[in-house]
């Protein structure tokens, strides 16, 4: 991130948001609401004589333009198959726009609420659409967007954190040792799973990115879309005790396999993918620490307590990765 684009992104003002929107022919009416997003800057903006829109300003240097275009093309391909996603609007034959140092995209506002996963039929319904998303995702590969694997979500964040000064000195050795054990355990899980298929994914399919209306679920925010195992878009929807997760997994796959075959060998990766996300999450916060929004949002990040909790968390994950994997009923 160069100094100019970094400063502009961190200090993005309401006036700059409205001016950027005006640059593509949409006149804001002054109503502007910042939405919950740390990676990018996202706003709901009222538009004169039209419905409000959502404008996403991309973090500089995170993705190349070609990678953002791949995300947009993937979401439009899903939308063309009548899968409930929210694609970026095509304005002047483009979905990615520039204003000064900013890159941004405009989306229709799509309301919704969190799905009630304990309601009968909800997980199966979500699973059917995940199966359809993955059927499209498997039809061709990403070229520009990276893979979710041991290197990108394990080794790279671990190496970055150990080279930083963010881990308290008295805990550095302990965290280094347990994070190494965790990555070794992840690699054993991949060996047990064998040669699995990698496809285009949503990539961050947690409950906050699935909105529910009376018409059912729709999927938002494909910003983390990348290549990986299908299970990555499934496991984050599981929670609770082991028996709860077995039931939830069974319901999801019951709908999923109506449209896309699921390779059950991937279940050897469930706790491995969770471990990689834990490592990646700490690295993600650390790599963004110079963004003023991050110390404000995560003031506990550099504390001894935070890293003690992460050490304990990884120890638990190492144990879980050696257990018999979840299996649907």
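The values are calculated or read from the model by the stated rules, or taken from the named source; none is laboratory data. Predicted model, so just to flag it, every value in this text is computed and none were measured. A quick note on method: Cβ atoms are made from the backbone with ideal geometry, for glycine too, and the neighbour counts reach across all protein chains shown.
Here are the numbers for the structure shown:
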read-out	value
Some residue of the stretch 172-193 being touching a residue at least 40 places away in the same chain (Cβ under 8 Å), touching a helix residue (DSSP H, G or I) at 6+ places or on another chain (Cβ under 6 Å) and farther than 19 Å from residue 313 by Cα	yes
Tally of residues being in contact with a strand residue (DSSP E or B) (Cβ under 6 Å, 6 or more places away or on another chain) and either at pLDDT below 85 or outside any helix (DSSP H, G or I) (or both) across the stretch 3-18	1
Failed criterion for residue 158 (all others in (1) in contact with a helix residue (DSSP H, G or I) (Cβ under 7 Å, 6 or more places away or on another chain); (2) at pLDDT below 95 hold)	(2)
Residue in the stretch 85-124 that is surrounded by the fewest Cβ atoms within 10 Å (Cβ to Cβ), counting only those that are assigned to a helix (DSSP H, G or I) and touching a helix residue (DSSP H, G or I) at 6+ places or on another chain (Cβ under 6 Å)	124
Odd one out for residue 328, checked against (1) surrounded by fewer than 14 Cβ atoms within 10 Å (Cβ to Cβ); (2) at pLDDT below 95	(1)
Helices (runs of 4 or more DSSP H) within the stretch 231-306 that include 3 or more residues touching a helix residue (DSSP H, G or I) at 6+ places or on another chain (Cβ under 8 Å)	232-235, 242-256, 270-287
Per-region count, the stretch 304-315, residues under 17 Å from residue 165 (Cβ atoms) and either buried (at least 20 other Cβ atoms within 10 Å of the Cβ) or touching a residue at least 60 places away in the same chain (Cβ under 8 Å) (or both)	3
Single condition residue 82 does not satisfy, out of (1) surrounded by 13 or more Cβ atoms within 10 Å (Cβ to Cβ); (2) at pLDDT 95 or above; (3) assigned by TED's automatic domain parsing to the domain that holds residue 17; (4) more than 18 Å from the chain's Cα centre (by Cα)	(1)
Boolean, residue 158 is within 21 Å of the chain's Cα centre (by Cα) and either crowded, with 16+ Cβ neighbours inside 10 Å or assigned by TED's automatic domain parsing to the domain that holds residue 274 (or both)	yes
Meets criteria (in contact with a helix residue (DSSP H, G or I) (Cβ under 8 Å, 6 or more places away or on another chain) and under 25 Å from residue 244 (Cα atoms)) for residue 322	yes
Qualifying position, being without any contact (Cβ under 8 Å) to a residue 40 or more places away in the chain and closer than 25 Å to residue 68 by Cβ, among 134, 202, 206	206
Failed item in (1) in the same structural domain as residue 249 (by TED's automatic domain parsing); (2) surrounded by fewer than 19 Cβ atoms within 10 Å (Cβ to Cβ); (3) touching a residue at least 40 places away in the same chain (Cβ under 8 Å); (4) over 17 Å from the mean Cα position of the chain (by Cα), with residue 149 passing the rest	(4)
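Residue by residue, here is whether (1) at pLDDT 95 or above; (2) under 20 Å from the mean Cα position of the chain (by Cα); (3) surrounded by fewer than 20 Cβ atoms within 10 Å (Cβ to Cβ) holds:
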position	(1), (2), (3)
268	yes, no, no
276	yes, yes, no
281	yes, yes, yes
284	yes, yes, yes
292	no, no, yes
